[in-house]
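Have a look at the structure below, then the notes.
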Amino acid sequence: MSRGRFGGRALGWGCLFGVTLAFVACTNNPYPDSDDGVKVRYIALRGPPKTLDPAISYNAADHQILANVYESLLEYHFLKRPYELIPGLAENVPQARTLDDGRVSYRFRLRRGMRFQDDVCFERNGAGKRHREILASDVAFQIMRIADPEVISPVKATFAKIDGFDEFSKRLEALRESDPEFAGRRIDEQYEAAGGVDGLVLRGPYVLDVVLTKPYPQMIFWFAMHFTAPVPWEAVDYYDGEEGRPFFKEHPVSTGPFQLTRYDKHNRVVLERNPNWYGAQHPEWRAPGTIYPFDGEPGDEERGLLAKAYQGQPLPFLDRIEFRMEKEDIPAFNKFLQGYYDASGIIQESFDQAVQEGDLSPAMEARGMQLAKSVQPDIFYLGFNMSDPVVGAAAGDAGRKLRQAMSLVIDTREFTRVFVNGRGVPAQSPIPPGIFGYDPDYVNPYRQVDVERAKELLAEAGYPGGIDSETDRPLRLTFDVGDASTRGRLRFQFFVEAWRRLGIDVELAATNYNRFQEKVRDGAYQIFSWGWIADYPDSENFLFLLWGPNSSTANPGAPNSANFAHPRFDRLFVEMRDMPNGPERMAKIREMRAILERERPWIELYHREAYALFHGWLSNVKPAGISLPASKYMDLDPRSRAELRRGWNAPIRWPAWALGIGVVAVAVPGIITFFRERQ
């Protein structure tokens with residue numbers, strides 16, 4: 001054997017041995033060891049954010065980031081239910097004032113001395129400037145952005161209730177079209193030259209009056225959403241995608257407790273504490289949204305949400321929030337079980353593993369996990385197209401009895417048991433628990449399963465045994481849904497089978513969501529399935545789904561997809577909409593509910609029940625369901641997390657050790673032989 005050959009073989013064995021040692025030393029931890037002692041919350045995101053522009057974003061994924069970055073003038077109490085507005089950047093929650101001419105005004109007073117995060121965009125105001133005070137004009141600027149036709153905000157119609165909002169939008173568009181030089185001017189200068197919005201009146205640097213053309217009590221809730229969070233014109237002007245700068249939709253300039261420090265859209269988004277946040281700059285203010293609450297709803301204390309150690313403590317407790325992209329549910333849930341995510345929803349495939357009889361399974365309890373349950377402010381339902389000649393209003397009493405009969409055979413409890421692991425509260429009306437107008441004692445007689453009564457109604461409607469007397473064949477209807485997946489078809493087939501028990505032949509027309517929306521827009525459907533999640537906690541935000549002027553066929557994009565129109569219901573809606581909560585408003589809601597009970601434009605299904613599973617090291621978890629910056633209230637114990645992770649993910653080292661021993665057993669005789677030959 002030559003020395004060169006032996007040297008090469010020895011090197012190879014050495015490398016293999018080194019690799020073996022490296023394998024022995026490695027773990028599956030995706031995070032650096034330096035994070036072990038840091039309060040970092042790790043969150044799985046199913047997809048990248050669409051936009052971080054607060055005037056445009058209108059989906060839950062974006063909101064997880066925006067809620068931590070953009071502080072609004074108002075926010076909701078973290079614990080109290082029904083939801084209660086508290087001051088945010090504003091000093092107080094303003095009351096509506098009716099002006100002499102019938103318009104309604106809200107006066108917002110901003111706290112003095114608040115700042116945006118440090119950012120290079122503020123050099124627009126002079127070299128070296130990196131921050132600026134938050135002013136009332138920044139709120140007005142953001143609302144003008146919503147009016148800006150080039151921004152294409154999805155909530156523009158809502159803000160059109162502000163006096164002069166639409167007129168400003170039209171003037172701005174006309175000036176841009178007529179004068180290219182105008183369109184090239186700085187954005188704030190364009191807005192000023194267009195004359196601004198009449199109903200946005202600045203009363204000094206910290207006071208803004210928002211004037212509506214008519215009463216709209218729900219407007220106040222929009223100031224607890226990111227749409228109205230103050231935005232500096234400098235950021236919109238600077239982040240234009242030119243010369244290596246990102247677009248503004250990818251570079252928020254924070255007013256909130258966290259600021260964006262890394263934006264790798266398809267992989268990782270990182271937020272870190274914003275040292276300029278008013279809660280950090282002015283802890284002596286003890287503003288409601290900057291300290292942990294002292295009270296909540298009944299049961300919060302028993303759930304550990306009112307621990308004395310937290311009450312009154314300054315927020316936030318976390319140092320960093322990391323969002324990691326996880327396209328698939330199962331790998332994300334497995335990483336949660338390994339301790340690499342702090343909280344998770346429960347996927348259907350693992351529900352029985354995690355939850356048994358409504359509580360944590362013994363296996364999950366043994367791992368120190370906790371379960372938080374909360375009924376969401378939403379509604380899922382089946383709807384009838386009331387413009388259809390067979391199932392709609394034109395069919396008169398026969399159509400009404402047909403809808404009542406079809407409602408009586410839908411067993412929501414069985415549906416939620418089979419398809420959502422029982423995570424749903426059967427709905428009796430459009431209004432969910434936690435919203436004014438919800439009545440826990442109300443029982444809708446058409447939402448109790450009664451097949452015999454359904455058959456009687458069907459016969460009275462002219463379809464005995466489900467047979468259409470005109471054709472002498474089973475009544476044939478079409479059921480349109482926007483989910484063509486196998487799982488989706490199974491879910492919707494549940495309803496088809498229920499109606500088949502009455503002898504009705506319902507064809508399931510499953511297509512993709514975009515095509516489904518087109519069919520709804522064109523009015524080409526009879527029965528459909530849909531859901532609604534609250535924008536804000538008010539019954540108006542649910543009952544407007546059935547208000548006649550909101551008919552989606554007459555007004556494409558409007559939310560009344562059932563095209564329900566009832567003169568008395570519509571009058572009651574307008575009266576109820578503009579009233580404060582109280583007995584009189586409740587009486588009108590009850591009358592509206594009775595109309596829906598009889599007319600049956602919907603078959604109400606359920607309100608979702610959220611199950612949040614989280615590890616014992618994460619504290620202060622309470623599912624919200626609406627726009628609520630919850631992360632600033634959460635806390636975690638990073639050392640406990642690191643210790644448990646190591647225990648749960650201890651590598652199986654014996655194969656590597658066996659390989660190493662084998663390598664040694666083979667290499668040592670060769671080495672001995674080598675030295676013998678040299679001697």
Point to revise | Residue among Gly482, Tyr463, Gln190 farthest towards the positive dipole end of the chain, charges placed on Cβ | key: Gly482
Revision key, fill the gap. At q = 0.21 Å⁻¹, the log10 of I(q)/I(0) for region 107-205 from a Debye sum over equal Cα scatterers comes to -1.14
Check your understanding: Hey, got the dipole for region 558-662? About the Cα centre, +1 on K and R Cβ, -1 on D and E Cβ, debye to the nearest 20?
Key -> 320 debye
**Study point:** Exceeding the 32 Å Cα-Cα cut-off - candidates Lys249/Lys308; Lys249/Lys327; Lys214/Lys519; Lys265/Lys632; Lys170/Lys214; Lys335/Lys622
**Key:** Lys249/Lys308; Lys214/Lys519
Check your understanding: Can you give the accessible area per residue of region 490-631, in Å², using a 1.4 Å probe?
Key -> 36 Å²
Point to revise | Cβ charges +1 (Lys, Arg) and -1 (Asp, Glu), total dipole of region 230-291, debye | key: 380 debye
Practice item. Find out how many positive minus negative residues lie around Tyr525, taking Lys and Arg as positive, Asp and Glu as negative, among other residues whose Cβ is under 15 Å from that of Tyr525. Key: -1
Check your understanding: Tally Lys/Arg at +1 and Asp/Glu at -1 over every other residue whose Cβ is under 11 Å from the Cβ of Ala642; what's the total?
Key -> -1
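Quick one: with all protein chains in place, what share of the accessible area of region 560-608 is carbon or sulfur, to the nearest percent (1.4 Å probe)?
On the way: 1020 of 1900 Å².
C and S fraction of accessible area: 53 percent.
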Review point. Could you give the radius of gyration (one decimal) and Dmax (whole number) of the Cα atoms in region 560-662, in Å?
Key: 27.5, 86
Check your understanding: For region 561-615, what's the radius of gyration and Dmax over Cα atoms, in angstrom?
Key -> 15.5, 52
Review point. Per residue, how much accessible area does region 22-181 show when a 1.4 Å probe rolls over the protein heavy atoms, in square angstrom?
Key: 44 Å²
Review point. Can you give me the Cα centroid spacing of region 493-571 and region 288-345 in angstrom?
Key: 36 Å
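Would you mind calculating the relative contact order of the chain from Cα pairs under 8 angstrom and at least 6 residues apart, reporting the percent as a whole number?
Value for the chain: 18 percent.
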Point to revise | Positive minus negative residues near Ala534 (Lys, Arg vs Asp, Glu; Cβ under 11 Å) | key: -4
Study note, to complete from the structure: Given 41-47, 241-247, the highest-first ranking by average Cβ count within 10 Å works out to 41-47, 241-247
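Which value, in debye to the nearest 20, describes the size of the charge dipole of the chain about its Cα centre when Lys and Arg Cβ atoms bear +1, Asp and Glu Cβ atoms bear -1, and nothing else is charged? Numbers along the way, then the final one.
Numbers: 83 positive and 92 negative charges, 461 e Å.
Around 2220 debye, computed over the chain.
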Review point. Can you work out D for region 438-509 in µm² s⁻¹ from Stokes-Einstein, where Rh is the Kirkwood radius over C-alpha pairs, the temperature is 20 °C and the viscosity is 1.002 mPa s?
Key: 155 µm²/s
**Study point:** Per residue solvent-accessible surface (Å²) - region 205-252, probe of 1.4 Å
**Key:** 32 Å²
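Give the carbon-plus-sulfur fraction of the accessible surface of region 27-136 in %, rounded to a whole number; probe 1.4 Å, heavy atoms of protein chains only. Mind showing how you got there, number by number?
On the way: 2180 of 4660 Å².
Answer for region 27-136: carbon and sulfur cover 47 percent of the accessible area.
Rule-of-thumb check for the chain: C-alpha Rg over 2.2 N^0.38 Å?
Values: Rg = 30.2 Å, N = 679, 2.2 N^0.38 = 26.2 Å.
Computed over Cα atoms of the chain, the ratio equals 1.15.
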Review point. Under a 5 Å amide H to amide H cut-off, with H placed in plane at 1.01 Å, what residues pair with His566 once short-range neighbours are removed?
Key: Gly548
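Take the Cα radius of gyration of region 201-329 and divide it by 2.2 N^0.38 Å, with N its residue count; two decimals is plenty. Show your work: numbers first, answer last.
Working: Rg = 18.9 Å, N = 129, 2.2 N^0.38 = 13.9 Å.
So the Cα radius of gyration is 1.35 times the expected 2.2 N^0.38 Å.
Leaving ligands, DNA and RNA out of it, report the carbon-plus-sulfur percent of the accessible area of region 417-536 at a 1.4 Å probe.
So the carbon and sulfur contribution to the accessible surface is 47 percent.
The values are calculated or read from the model by the stated rules, or taken from the named source; none is laboratory data. Computed from a prediction, not measured in an experiment: that's the story for all the values here. Please note: Cβ atoms are built from the backbone with ideal geometry, for glycine as well, and neighbour counts cover all protein chains shown. Ligands, DNA and RNA are stripped out before the accessible areas are found, and what is left, the full protein with its side chains, is counted by its heavy atoms. Shrake-Rupley method; radii C 1.70, N 1.55, O 1.52, S 1.80 Å.
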